[in-house]
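Structure record follows, encoded as structure tokens.
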Amino acid sequence: MTGVGDLWASLPVPTIVIGPGDDIVDINSAAEGFFNASAKTMRGLPLWDQLAVDAPLEDSLARARKNGTPLFVNDVDVGNGQRAPLQCALQIAPLVGAPDHMVLMISPRELAGRMTQNHSVKSAAKSAIGMAEMLAHEIKNPLAGITGAAQLLSMNLTQDDLELTDLIVAESRRIVKLLEQVEQFGNLSPPDLQPVNIHDVLDRARRSALLGFGAQMNIIEEYDPSLPLAFGDADQLLQVVLNLLKNASEAAGPEGGTIRLHSYFEHSFRLRRADGSGQSLPLQIEIIDDGPGLPDGIAADIFDPFVSGKENGTGLGLALVSKIISDHDGWISVTSVPGKTVFRLSLPRAPKTAQTPPPKNED
């Protein structure tokens with residue numbers, strides 16, 4: 001027979017037992033992931049110092065406790081001060097057998113909301129691959145002819161006319177470069193899934209950024225040292241993080257800014273597919289910048305090909321990032337307001353039988 005402790009640990013949503021003075025008496029495993037803290041460290045802390053809710057709940061909780069009645073609150077933003085708030089439904093009820101104690105259940109709606117967004121990572125990637133095949137054959141060869149013809153014409157032109165042929169050559173080369181970026185979708189091989197220390201990937205990306213495009217940035221590491229190994233392709237994940245760091249650095253401009261690399265474990269995060277199967281994605285990596293944020297109206301489509309918040313952007317970088325994460329059976333999301341943009345990667349952990357990375361080959 002399953003014991004009470006097993007039932008408590010098995011609850012799939014963050015659940016908190018609240019004492020008479022609105023202190024935290026206990027939290028379950030899902031709540032440990034939500035707060036990114038252990039039950040031992042959370043016990044005895046004031047609830048409202050640890051939980052931020054954009055609704056005045058203290059008085060409502062007091063009335064529910066006094067009357068012994070449940071309380072339901074839908075569609076409120078709930079956070080813990082360490083990450084962007086999630087839209088949640090809250091359920092509060094008296095704890096039977098414990099006077100003045102209440103149980104609070106937090107049901108995040110973030111994943112459900114994201115699943116109903118207009119973009120579909122895999123279908124977008126498939127469309128881009130088909131487009132790449134068509135464009136590569138139908139456009140690149142004629143462009144080479146146009147470029148060659150413009151260069152031949154330039155040999156017998158005046159300086160004023162040379163500006164026109166130079167423009168033809170420059171724009172033709174820009175289009176070829178764009179097509180080559182699109183072709184990356186078709187040329188990207190399936191990930192070689194191995195146990196990966198995600199912190200090694202983040203550190204490689206950080207050091208590379210500081211030596212190049214992110215030299216003006218302050219990149220802060222906020223890692224959970226107990227994070228288990230991810231199951232992924234280290235080189236492809238490095239490409240993902242570098243792309244996100246590059247976007248954050250470009251958004252900050254020459255004056256620079258701060259980027260935080262934050263990792264944590266979230267027990268309750270699961271991706272449910274259309275066929276009803278589920279995938280646990282407990283490893284969370286956030287790339288957080290203090291730039292101006294995404295332009296209004298594009299956040300829901302930012303991972304689609306050719307959608308960009310940059311003036312001269314191609315809109316291919318984030319589409320490629322989303323394809324790589326999708327190929328890892330992971331999930332990527334973004335929340336953005338002026339002064340804080342958070343790209344969140346959710347990845348599967350390596351199977352327990354493969355938690356030790358394979359030894360490196362010594363030459």
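Here are some notes:
- Of the residues making up the range 60-74, those that are within 35 Å of the chain's Cα centre (by Cα) and outside any strand (DSSP E or B) are S60, L61, P70.
- Residue count for the range 8-46, restricted to those that are in a loop (DSSP other than H, G, I, E, B) and either touching an Asp or Glu at 6+ places or on another chain (Cβ under 8 Å) or aromatic (F, W, Y) (or both): 8
- Filtering the range 54-76 for residues that are on the phi > 0 side of the Ramachandran plot, surrounded by 15 or more Cβ atoms within 10 Å (Cβ to Cβ) and not basic (K, R) leaves an empty set.
- Filter result for H262 (surrounded by fewer than 22 Cβ atoms within 10 Å (Cβ to Cβ), closer than 26 Å to D327 by Cβ and out of contact with any Lys or Arg (no Cβ under 9 Å at 6 or more places or on another chain)): no
- Residue, modelled with the lowest pLDDT, within the range 182-205, restricted to residues that are farther than 30 Å from D224 by Cβ and crowded, with 17+ Cβ neighbours inside 10 Å: F185
- Test: residue in the range 191-212 that is over 21 Å from D290 (Cβ atoms), touching a helix residue (DSSP H, G or I) at 6+ places or on another chain (Cβ under 7 Å) and part of a loop (DSSP other than H, G, I, E, B): yes
- Among the numbered conditions (1) buried (at least 18 other Cβ atoms within 10 Å of the Cβ); (2) at pLDDT below 85; (3) under 25 Å from F265 (Cα atoms), the only one that L347 does not meet is (2).
The values are calculated or read from the model by the stated rules, or taken from the named source; none is laboratory data. The structure displayed is predicted, hence computed values, not measured ones. So basically every Cβ, Gly included, is an ideal-geometry build from the backbone, and we count neighbours across all protein chains shown.
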